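The values are calculated or read from the model by the stated rules, or taken from the named source; none is laboratory data. Since we're looking at a predicted model, the values are computed, not measured. Glycine also receives a Cβ, built like all others from the backbone with ideal geometry; neighbour counts cover every protein chain displayed. Side chains are part of the model used for accessible areas, which takes the heavy atoms of the whole protein and leaves out ligands, DNA and RNA. Shrake-Rupley method; radii C 1.70, N 1.55, O 1.52, S 1.80 Å.
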Amino acid sequence: MRILLIMTGSIAAYKSLDFIRRARERGHVVTPILTKGAQEFITPLSAASLAEQPAYTELFSLKDETEMGHIRLARETDVILVAPASADFMASMVQGRAQDLAGAVLLAADKPVFVAPAMNVKMWESAANQRNLAQLKADGVRVISPAAGEMACGEIGTGRMAEVQEILAAVESVHVQESLRGKHALITAGPTHEPIDPVRYIANQSSGLQGYALAEAFALAGANVTLISGPTTLKTPFGVTRVDVKTAVEMMDATEKNLPADIGIFTAAVADWRVENAGAQKFKKRENGEPPVLRLVENPDILKTIAAHKNRPTLVVGFAAETEYLEAYARAKMQRKSCDWMVATDVSGGKSFGTATTSVLLLQGDAPAQPLLDVEKTAVAKQLVALAAQHFSSSGNVTAFPSSNLSKRKKA
Ligand code: CTP
């Protein structure tokens, strides 16, 4: 992989020299750019020697521009990594300043950009830096979070640049992500609300956290994500197209309308029944104390319907919430609903509802179950992204976004 490494002014620049060495050991080609600030800590010569590539420093140097202009530098790479990223440099990225070679390259970039911040804890926590960080993330920049610990300045806290291995792993994940780029992922999430009358409804404990974590992870991996969401209080993840629904029937309809998709993931806790005789007006208490009698009818099974659809997604992933016989029940459900993979979630004793962590078994056809116990829901999401990437890297074409939906897609 070709990595364009922008080094900026921080004591952590020495770690980036180590990054060059480790990345080259793994067969990557690293082209260094040093800002003026970086050159206060390390020399272009040391970066160039380790990279066995010229190290670039000047925007207007005739030599650098003749050899390799900033546009070419931005184009002829697979990924751009800013490490260390100083607070000042992050601020100039937010402003889109092209005052030096590094800034100009980033403005011209059409490749994934990673930043590995490094700064004093107070600088890291400052309102201005946090604002800049949020803006960079909103701009699609991938932030490799700094670690907590003792810093060069002697203070303790968050701000130390992530370890070289971690930065390398993040950058290498781009390859995984490439196989999901442009794929359409259709994800259902949250509970459904089934009205009893205009002010009351039947609901369940689903928070939507797992579905939203998946939507975010697939969007970060470059997929076009449509999230069909029941009522939740969660924020729409960046870059995700969200369609809000209330009832199971609405969710069924919205899911079908958003086909075709390459991958369908069904995390929603869809109410199994709706009230057939829901009141058009609020039910009032009666003089004789008799409660209203509600008649329930079965809701459509969205997963089962989509898995049997003429526009079935290539990969259909169901979720099974079980309180006992986790693997056996989930395998039976996987078959009954014709899905390719099933994520069996242990909900015994109400576990997993509304919490950030979960315990699941990943079932991929007949392969042995893969347990993920007491992990963050975001970790389950990342694992599914990795498995889906593997699946698609060995097969198939991209399904286009349904063009009829393009106009109503708004990026959140
Ligand atoms: N599902 C769905 N539509 C429904 C019910 C369930 O799409 N009407 C999906 C869920 O999103 C999940 C999977 O089916 O991916 C299994 O859901 P679950 O509630 O565990 O299964 P049920 O079919 O409701 O079975 P049971 O309640 O009997 O365990």
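Confirm whether Val225 is in a strand (DSSP E or B) and free of Cβ contacts under 8 Å to residues at least 60 places away in the same chain. So Val225 passes the test. Cβ-Cβ under 6 Å, sequence separation 6+ or interchain: first residue in region 284-297 and under 25 Å from His193 (Cα atoms) and in contact (Cβ under 8 Å) with a residue 12 or more places away in the chain, partner open to solvent by 100 Å² or more (accessible area, probe 1.4 Å) and among the aromatic types (Phe, Trp, Tyr). Which pairs? Note: pairs meeting the criteria are Leu296/Trp273. For the subset of region 336-346 comprising residues that are open to solvent by 20 Å² or more (accessible area, probe 1.4 Å) and over 16 Å from Gly264 (Cα atoms), which member is farthest from the ligand (Cβ to nearest atom)? Of everything passing the filter in region 336-346, Asp346 is farthest from the ligand (Cβ to nearest atom). Across region 126-139, the number of residues qualifying as touching a strand residue (DSSP E or B) at 6+ places or on another chain (Cβ under 9 Å) and open to solvent by 40 Å² or more (accessible area, probe 1.4 Å) comes to 2. Would you point out which residue out of Pro231, Pro237 is more than 14 Å from the ligand (Cβ to nearest atom) and touching a residue at least 60 places away in the same chain (Cβ under 8 Å)? Going through Pro231, Pro237 in turn, just one is more than 14 Å from the ligand (Cβ to nearest atom) and touching a residue at least 60 places away in the same chain (Cβ under 8 Å): Pro237.
Considered as a group, the residues in region 148-168 that are among the hydrophobic types (A, V, I, L, M, F, W, C) and surrounded by 14 or more Cβ atoms within 10 Å (Cβ to Cβ) include one that is farthest from Trp124 (Cα to Cα), and that residue is Leu168.
Restricting attention to region 250-266, the residues being surrounded by fewer than 23 Cβ atoms within 10 Å (Cβ to Cβ) and within 13 Å of the ligand (Cβ to nearest atom) number 5. When the strands (runs of 3 or more DSSP E) confined to region 114-210 are screened for residues that are over 17 Å from the mean Cα position of the chain (by Cα) and not hydroxyl-bearing (Ser, Thr, Tyr), those reaching at least 3 such residues are found at 147-150, 156-160, 194-197. For region 267-285, taking the residues that are surrounded by 10 or more Cβ atoms within 10 Å (Cβ to Cβ) and among the polar types (S, T, N, Q), the one that is farthest from the ligand (Cβ to nearest atom) is identified as Asn277. Once region 21-56 is narrowed to residues that are modelled with pLDDT under 95 and either charged (D, E, K, R) or touching a Cys at 6+ places or on another chain (Cβ under 7 Å) (or both), the residue that is nearest to Thr77 (Cα to Cα) is Arg24.
Checked against (1) surrounded by fewer than 21 Cβ atoms within 10 Å (Cβ to Cβ); (2) touching a residue at least 24 places away in the same chain (Cβ under 8 Å), Val243 meets all criteria but (2).
Candidates in region 223-239 are the residues that are in contact with a Ser or Thr (Cβ under 9 Å, 6 or more places away or on another chain) and surrounded by fewer than 24 Cβ atoms within 10 Å (Cβ to Cβ); of these, the one that is farthest from Asp374 (Cα to Cα) is Asn224.
For region 286-308, filtered to residues that are within 33 Å of the chain's Cα centre (by Cα) and either among the polar types (S, T, N, Q) or away from the ligand (no atom under 16 Å from the Cβ) (or both), the residue that is surrounded by the most Cβ atoms within 10 Å (Cβ to Cβ) is Asn299. Figure legend. Inter-residue proximity from region 117-134: first residues polar (S, T, N, Q), second residues open to solvent by 60 Å² or more (accessible area, probe 1.4 Å) and not in a helix (DSSP H, G or I), beta-carbon distance below 7 Å, spacing 6+ or different chains. Indicated pairs: Asn120/Cys153; Asn120/Glu155.
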